[in-house]
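This report refers to the structure that appears directly beneath it.
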There are 2 protein chains.
Amino acid sequence: MALDHNGLVILDRGACLKRLGRTGVGRIAVTVAGRPSIFPLSYAMWGQDIVFRTSAGTKLAAAVGNAVVAFEIDQVDRMAHAGWSVLVVGPCREITEPAELAVTDRLPLARWARGGGAEFTVCIRSDLVTGRALANPQHSHSDG
Amino acid sequence: MALDHNGLVILDRGACLKRLGRTGVGRIAVTVAGRPSIFPLSYAMWGQDIVFRTSAGTKLAAAVGNAVVAFEIDQVDRMAHAGWSVLVVGPCREITEPAELAVTDRLPLARWARGGGAEFTVCIRSDLVTGRALANPQHSHSDG
């Protein structure tokens, strides 16, 4: 069990991808008009990459075009002092190829908002996948 | 109930601050070595601002010095298709004044990691506080 210098367990890429496959809601960090922003979103895995939908005309839609973004999932139980997080960093692209859309349209992706605008499908390439977990949650409670 | 063009309910600053006061775990987006990153963290409210602790020598510690950051909390129930999120954007600063530290040291802040390094206390000024909620979760399930 490899620890970082903060005492957290380092999750390898395989362990991170396993967690990415189990969740379904994450957060994306993008820059909108020079300001950092975080949006929660529903996602699905497409191979090792992240796929989500967004409506045309949103701030998020404007920000993701070919940008490098950060995407995060976590599970944190503050009371039990237990948790982990996984971070994916990579470039975004809109999926426009009919063959790719035919596949990604079948992914289990919830539609969150109910705007009338067209939705499009975005893929985040998982170039960098890192994760951390609290090492010994049963012992670290006394740290607080 | 004001809606944005995506059909989401716009939460005003007061409603956002109320939610910030009830939670205790959020995520911060920062830029580390030119790459966007998201870290989960335990926080407390200090007036209308966000306070958290981080260990010296971490990537997060290196990134927060006087940077403008995004901080987000959310509560998303994917199955029930219900949820909300609150975003805070503002500059970070380390708290170093003894009088301020005396106050912030008494905030209910968990220590997550167990590194041996010194911890310091960081404040995010809540310049911009925005929030969104799903409008009618009971009706929008059929959208998926």
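The set of residues from region B:38-49 being over 23 Å from A:Gly26 (Cα atoms) and open to solvent by less than 10 Å² (accessible area, probe 1.4 Å) is empty. Out of the residues in region A:17-32 that are farther than 21 Å from B:Arg35 by Cβ and away from chain B (no Cβ under 13 Å), which is farthest from the chain's Cα centre (by Cα)? Only one residue tops the list, namely A:Lys18.
Within region B:104-144, the set of residues being modelled with pLDDT under 95, over 30 Å from A:Gly24 (Cβ atoms), open to solvent by 60 Å² or more (accessible area, probe 1.4 Å) and out of contact with any helix residue (DSSP H, G or I) (no Cβ under 8 Å at 6 or more places or on another chain) comprises B:Asp105, B:Arg106, B:Pro108, B:Gly116, B:Ala118, B:Glu119.
Remark: A:Thr96 matches the filter, which requires a residue to be modelled with pLDDT of 75 or more, over 12 Å from the mean Cα position of the chain (by Cα), assigned to a loop (DSSP other than H, G, I, E, B) and farther than 28 Å from B:Thr58 by Cβ. When region B:24-37 is filtered for residues that are open to solvent by less than 50 Å² (accessible area, probe 1.4 Å) and touching a residue at least 24 places away in the same chain (Cβ under 8 Å), the ones remaining, listed by number, are B:Gly24, B:Val25, B:Gly26, B:Arg27, B:Ile28, B:Ala29, B:Val30, B:Val32, B:Ser37.
Cβ-Cβ distances below 6 Å connect the following pairs, each with a first residue in region A:86-106 that is within 14 Å of another protein chain (Cβ to nearest Cβ), a second residue that is open to solvent by 70 Å² or more (accessible area, probe 1.4 Å) and of a type in the set (A, V, I, L, M), and a separation of six or more residues or different chains: A:Pro91/A:Val68. Taking the criterion of being under 30 Å from B:Asp12 (Cβ atoms) and open to solvent by 60 Å² or more (accessible area, probe 1.4 Å), the only residue of region B:93-102 that qualifies is B:Arg93. Restricting attention to region B:33-51, does a residue exist that is under 30 Å from A:Leu128 (Cα atoms), more than 15 Å from the chain's Cα centre (by Cα) and at the interface with chain A (Cβ under 8 Å from one of its Cβ atoms)? Among the residues of region B:33-51, at least one is under 30 Å from A:Leu128 (Cα atoms), more than 15 Å from the chain's Cα centre (by Cα) and at the interface with chain A (Cβ under 8 Å from one of its Cβ atoms), which makes the answer yes.
Taking the condition without any contact (Cβ under 8 Å) to a residue 60 or more places away in the chain, in contact with a helix residue (DSSP H, G or I) (Cβ under 9 Å, 6 or more places away or on another chain), within 7 Å of chain B (Cβ to nearest Cβ) and closer than 30 Å to B:Asp4 by Cβ, does A:Val69 pass? Break it down into steps so the answer makes sense when it comes.
Details: without any contact (Cβ under 8 Å) to a residue 60 or more places away in the chain: yes; in contact with a helix residue (DSSP H, G or I) (Cβ under 9 Å, 6 or more places away or on another chain): yes; within 7 Å of chain B (Cβ to nearest Cβ): yes; closer than 30 Å to B:Asp4 by Cβ: yes.
So A:Val69 fits the description; yes.
Restricting attention to region A:50-92, the residues that are part of a strand (DSSP E or B) and surrounded by fewer than 18 Cβ atoms within 10 Å (Cβ to Cβ) add up to 5.
If only residues of region B:5-23 that are part of a helix (DSSP H, G or I) and charged (D, E, K, R) are counted, the one that is most open to solvent (accessible area, probe 1.4 Å) is B:Arg22.
Looking at region B:57-85, which of its residues are in contact with a Pro (Cβ under 9 Å, 6 or more places away or on another chain) and at pLDDT below 80? Listed by number, the residues that qualify are B:Asn66, B:Asp77, B:Ala80, B:His81.
The values are calculated or read from the model by the stated rules, or taken from the named source; none is laboratory data. Note that the coordinates shown come from a computational prediction; the quantities given were computed from them, not determined experimentally. In this analysis, Cβ positions are derived from the backbone assuming ideal geometry, glycine residues included, and neighbour counts consider all displayed protein chains. Side chains included, ligands, DNA and RNA excluded: accessible areas come from the protein's heavy atoms. Shrake-Rupley method; radii C 1.70, N 1.55, O 1.52, S 1.80 Å.
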